[in-house]
Amino acid sequence: MTFRLYDTATREVRDFVPLEEGKAGIYLCGLTVQSEPHVGHVRSGVNFDVLQRWLAHLGYAVTFIRNVTDIDDKILTKAADQGRPWYNLAYEMHRELDKAYAALNVAPPTYEPSATGHVPEMVELIATLIERGHAYAAADGSGDVYFDVRSWPSYGELTHQRIDDMEAAEDADPRGKRDPRDFALWKGRKDSEPQTASWPSPWGRGRPGWHIECSAMAEKYLGAAFDIHGGGVDLRFPHHENEQAQSRAAGHPFASYWMHNAWITTAGEKMSKSLGNTLSIPSVLQQVRGIELRFYMVAAHYRSHVEFSFEALQEAAVGFRRIENFLERANTPGAVDVDLPAAFVDAMNDDLGTPAAVAVIHDTVREGNRVLAAGDDTAARAARVQVVAMLDVLGLNPADPAWGPTASDDQQLTDAVDVLVRGLLDQRAQARANKDFAAADMIRDQIKAAGIAITDTPDGPTWSLEAGTK
RNA sequence: GGUGGGUUGGCCGAGAGGCGAGGCAACGGACUGCAAAUCCGUGUACACGGGUUCAAAUCCCGUACCCACCUCCA
């Protein structure tokens, strides 16, 4: 079975056929760095990280471009409100975003271009559009340049809308537009805006419109035609529709497939002001570990809407600890060579069916626990190797250094704790031998209170740090 | 007005004509001094009303409710 994915443009699951054999080019619309990233923002990062890892697993040489839009109306407004330079706000939020991605083991892309670094490329593209008769400088002397939607007959094809059915923006000041649906490629500088937020162009100083940066950067790093373009569902229109129109009007075939991830929302309430803060990545990470938050996201299909709740998050965390628990229990020496389970491969090939893929992990863990209980260490080890391989593909391998050092990585400390715990366990064994169960249980409680779980096995008790304690 | 998505057991969350995905919780059993961990077992779930079919959660028609986008948006 080959890799198949749902293409938003054609509204069907299609076989993935790359433009160039063995290679895959992906462009993901990253974020506009204007505020602290929240859980919803990073979902696309996690989803497309899984895509990238799966394509790499399938043997593709992946070029993954994820941009950052670091200049736009909102950044300018917010920075002005906060009384600081816009680039300082954008840069700080960019760093916050990096931290959030790192906390969720979202691998860095091949390159992360930012809009402000690609103004000349955008100017070139705009000039091409004017030459070809698909864009025009506003006649009102504002210095704006607009895309002429009426000049592009297939405008609306990505989202299957007809221009005449669209509502024109009510607030849209028609300014120098020929049609209210025309959108800005270039915005002439206004006196109210900082000089630093403008660049020279043939149409006077100004700054790029919202959509043009992605067209320019995708072309620069992936070429006029590339394989997959992604982002959140809300970007389909206008952002992606406009990107496609611009690029194709400029003569570029653009993306072969469009992938859009669904939203994460919160119970009843909008994820804006009031709740926005409680869902910032750092605040959520006070309750669960990054790996557990990632597991929660990956356990749902990327095209399914997720209603975020801390209860569901905690539940996912508990389920993940069960997997980790098995990894620890089955960690016996000896090498085994096994492939990914076929059911897992099929699930991933079917439009990144991570929910089914996660079910295969659970199945393998249960089977591993079963053979472990039966004393078949070799079979258990084989199951463990499979589980680790599956987790790796999903970016969920607890042993991945990306998750940072864990307490158990400190061998000296582990050895010291081992001596102390062993001593207590010996006392407990003595108490149990004397049938002094009150004393035995007291020792067990004492150890547990220190965040250490003990497991009684036929070969005697073992200890481990309780998963999930932070 | 236009374009899409959704409603699945106590909860989360898959599936897209035919054997009850998986997880969490619960209950019973095994193991245990008791627990924990682990294993085994236990559920007549598909918003509502019609229809098609040997067979419908899945297809068709209708209804209700929810959500997203229509130039700020992950």
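The values are calculated or read from the model by the stated rules, or taken from the named source; none is laboratory data. Quick caveat, the model's predicted, so the values are computed rather than measured. Counting neighbours? That spans all protein chains shown, and the Cβs are built from the backbone with ideal geometry, glycine included. Surface areas here come from the heavy atoms of the whole protein model, side chains and all, with no ligands, DNA or RNA. Shrake-Rupley method; radii C 1.70, N 1.55, O 1.52, S 1.80 Å.
Using a probe of 1.4 angstrom and keeping all protein chains present, the accessible surface of chain A works out to 47 square angstrom per residue. Each label point was placed 7 Å from the Cα along the Cα-to-Cβ direction; for A:GLN411 and A:LEU58 their separation is 4.1 nm.
The order of the peptides A:93-100, A:457-464, A:183-190, A:442-449 by mean Cβ neighbours within 10 Å, most packed first, is A:183-190, A:93-100, A:442-449, A:457-464.
Antiparallel as a % of all DSSP beta bridges within chain A, to the nearest 5?
Values: 21 of 44 bridges.
About 50 percent, rounded to the nearest 5.
In terms of overall dimensions, the stretch A:407-465 has a Cα radius of gyration and Dmax of 11.7, 37 angstrom.
Normalising the Debye intensity of the stretch A:287-403 to I(0), with uniform scatterers on Cα atoms only, and taking log10 at q = 0.11, 0.13, 0.17 Å⁻¹ returns -0.36, -0.50, -0.83. Helices of chain A meeting both criteria, an alpha-carbon length of 30 angstrom or more along the long axis and an average Kyte-Doolittle score not below -1.0, with helices taken as full DSSP H segments, are A:411-433.
Distance distribution P(r), the stretch A:4-266, all Cα-Cα pairs, bin width 5 angstrom from 0: 1, 6, 13, 17, 19, 17, 14, 9, 4, 1, 0 percent.
Let me check against my output: what whole-number percent is the relative contact order of chain A, with C-alpha pairs under 8 Å and at least 6 apart?
Values: 690 pairs, mean separation 75.6, N = 470.
Here the relative contact order equals 16 percent.
Taking 0.36 nm per residue of separation and subtracting the current Cα-Cα distance, fully stretching the chain between A:LYS23 and A:THR332 would add 107.5 nm.
Apply the Kirkwood formula to chain A: the hydrodynamic radius equals the inverse of the mean of 1/r over all pairs of different alpha-carbon atoms; give it in Å with one decimal. Intermediate values should be presented prior to the final figure.
Values: mean 1/r = 0.0398 Å⁻¹.
Computed over Cα pairs of chain A, the Kirkwood hydrodynamic radius comes out at 25.1 Å.
Taking every alpha-carbon pair within the stretch A:102-243, the share separated by more than 19 Å comes to 56 percent.
Determine the order of A:ASP70, A:ASP456, A:ASP409 by accessible area, beginning with the largest, at a probe radius of 1.4 Å.
A:ASP409, A:ASP456, A:ASP70
The Cα center of the stretch A:289-328 and the Cα center of the stretch A:1-62 differ in position by 21 Å.
P(r) for the stretch A:1-133, from all Cα pairs and a bin width of 10 Å, is 11, 32, 31, 21, 5, 0 %, short bins first.
Can you tell me, using C-alpha contacts under 8 Å and at least 6 residues apart, the relative contact order of the stretch A:287-403 as a whole percent?
So the answer I get is 32 percent.
For a paramagnetic label modelled on A:ARG132 (point 7 Å from Cα along Cα→Cβ), amide N atoms under 19 Å away belong, within the stretch A:206-228, to A:209-228.
Shown for chain A: lysine pairs separated by 8 or more places, or found on different chains, whose C-alpha atoms are under 28 Å apart, numbering 23. Solvent-accessible area of the stretch A:12-145 (1.4 angstrom probe, protein heavy atoms only): carbon and sulfur portion equals 49 percent. What a 1.4 Å probe finds exposed on the stretch A:201-327 is 54% carbon and sulfur by accessible area, rounded to a whole percent. Find the percent of Cα-Cα distances in the stretch A:325-468 that exceed 22 Å, and round it to a whole number. Result: 52 percent of Cα pairs exceed 22 Å. Would you work out the relative contact order for the stretch A:32-178, in percent, from Cα pairs under 8 angstrom that are 6 or more residues apart? That works out to 22 percent.
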